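The values are calculated or read from the model by the stated rules, or taken from the named source; none is laboratory data. Owing to the predicted nature of the structure, the values given are computational and were not obtained by experimental measurement. Because the Cβ atoms are built from the backbone with ideal geometry, glycine has one as well, and the counts that use them run over all protein chains shown. For accessibility, only protein heavy atoms count, side chains too; no ligands or nucleic acids. Shrake-Rupley method; radii C 1.70, N 1.55, O 1.52, S 1.80 Å.
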Amino acid sequence: MTTAALSITQIENTHLVRCGHANWVLVEEGADLTLIDGGYPANGADVERSIEQIGHQLGDVRAILVTHAHVDHIGGIADIVTRLEVPVLMDPLEVPHAKREYLQQLSPAKVPLLLWRRGAPKWLLDVIGAGALKGAELPRAQAFAAGGALDVPGRIVPIPTHGHTDGHSAYLVPEAGVIASGDALVTGHATSSVAGPQFLVCPFNHDRGATDQALDNIAAAPAGALFPGHGPVYEGSLAAAVEQARAGRTRMRP
């Protein structure tokens, strides 16, 4: 099942894939790939299609990295790992979340906090159609090794960005000077009326204060582009992107 047309933006060896309400990232190293996130449950086929569009096959994926274990980031991965024997890596704090030992995700009780926002009712219908209510889990989730670049295609470096979930992690791709920021810092969302670097609105964040503090690690990273979990690519100063998000932080509120 496909949900929408794919939009793919490339910087060096790194590709931001946008499909409907979900983003994921593909990182090349020769014939090998690392996949970062994977959209909603309905996006499994879309992830494979995006891999083919950049000239690879699903079997070229050697590792999967997860920014955090919300259904719109791991749903498509849950489908892919039934066909691939590859490591599924994330921050140690996020592993039990991915295994669904607990759940830090927008609850039905908090949905009314969003519905007054322009675009939110259609977003809700769309994501239900993409499998948001089905949920997802990753029983094979593993903690990545601490300290420096990971032994995955692209030699990707984790950047702690705890707050949106307890174990949320962004990822620096050194060759491209790109950060895959997950939901720590986005550039757009169907529930937001503005474009550009911003926080997701408050009901999506588990710990608002930690989400804000985590942006210091993004601002300090040696990168000049942001590949967010939602919205288009941002190119420019990441310190300026963080400043812009913080200046608009009142839009995070219900």
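At a glance:
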quantity: Total residues in region 96-128, condition open to solvent by less than 20 Å² (accessible area, probe 1.4 Å) and either β-branched (Val, Ile, Thr) or modelled with pLDDT of 85 or more (or both); calculated: 3
quantity: Residue within region 179-201 that is crowded, with 22+ Cβ neighbours inside 10 Å, aromatic (Phe, Trp, Tyr) and at pLDDT below 90 present; calculated: yes
quantity: Only listed residue being more than 14 Å from the chain's Cα centre (by Cα) and of a type in the set (Gly, Ala, Ser), chosen from GLY30, GLY39, GLY75; calculated: GLY30
quantity: Breaking point among (1) part of a loop (DSSP other than H, G, I, E, B); (2) more than 18 Å from LEU6 (Cα to Cα), for ASP79; calculated: (1)
quantity: Residue in region 96-108 that is in a loop (DSSP other than H, G, I, E, B), touching a strand residue (DSSP E or B) at 6+ places or on another chain (Cβ under 7 Å) and within 29 Å of GLY147 (Cβ to Cβ) present; calculated: yes
quantity: Single condition TYR40 does not satisfy, out of (1) open to solvent by 40 Å² or more (accessible area, probe 1.4 Å); (2) of a type outside the set (Gly, Ala, Ser); (3) under 23 Å from GLY135 (Cα atoms); (4) in contact (Cβ under 8 Å) with a residue 12 or more places away in the chain; calculated: (1)
quantity: Elements of type strands (runs of 3 or more DSSP E) in region 154-254, at least 3 residues being more than 23 Å from HIS15 (Cβ to Cβ); calculated: none
quantity: Qualifying residue in region 135-146 (condition: in contact with an Asp or Glu (Cβ under 8 Å, 6 or more places away or on another chain), buried (at least 24 other Cβ atoms within 10 Å of the Cβ) and aromatic (Phe, Trp, Tyr)); calculated: no
quantity: Scan of region 150-187 for residues that are under 26 Å from GLU101 (Cβ atoms), of a type in the set (A, V, I, L, M) and touching a Phe, Trp or Tyr at 6+ places or on another chain (Cβ under 9 Å), ordered by number; calculated: LEU150, VAL152, ILE156, ILE159, ALA180, ALA184
quantity: Sole residue being under 26 Å from GLY20 (Cα atoms), open to solvent by 10 Å² or more (accessible area, probe 1.4 Å), of a type outside the set (Lys, Arg) and in contact (Cβ under 8 Å) with a residue 40 or more places away in the chain, chosen from HIS206, HIS164; calculated: HIS206
quantity: Subset of region 169-178 (residues that are more than 13 Å from LEU16 (Cβ to Cβ) and either open to solvent by 10 Å² or more (accessible area, probe 1.4 Å) or without any contact (Cβ under 8 Å) to a residue 12 or more places away in the chain (or both)); calculated: LEU172, PRO174, GLU175, GLY177
quantity: Conditions (1) free of Cβ contacts under 8 Å to residues at least 40 places away in the same chain; (2) surrounded by fewer than 16 Cβ atoms within 10 Å (Cβ to Cβ); (3) outside any loop (DSSP other than H, G, I, E, B); number of the one not met by GLU48; calculated: (2)
quantity: Tally, over region 4-34, of residues that are crowded, with 21+ Cβ neighbours inside 10 Å and hydroxyl-bearing (Ser, Thr, Tyr); calculated: 2
quantity: Filter result for LEU84 (assigned to a helix (DSSP H, G or I), open to solvent by 10 Å² or more (accessible area, probe 1.4 Å) and of a type in the set (A, V, I, L, M, F, W, C)); calculated: no
quantity: Scan of region 62-75 for residues that are of a type in the set (Val, Ile, Thr) and either closer than 12 Å to VAL17 by Cβ or part of a helix (DSSP H, G or I) (or both), ordered by number; calculated: VAL71, ILE74
quantity: Hey, GLY59 open to solvent by 40 Å² or more (accessible area, probe 1.4 Å), in a helix (DSSP H, G or I) and at negative phi or not; calculated: yes
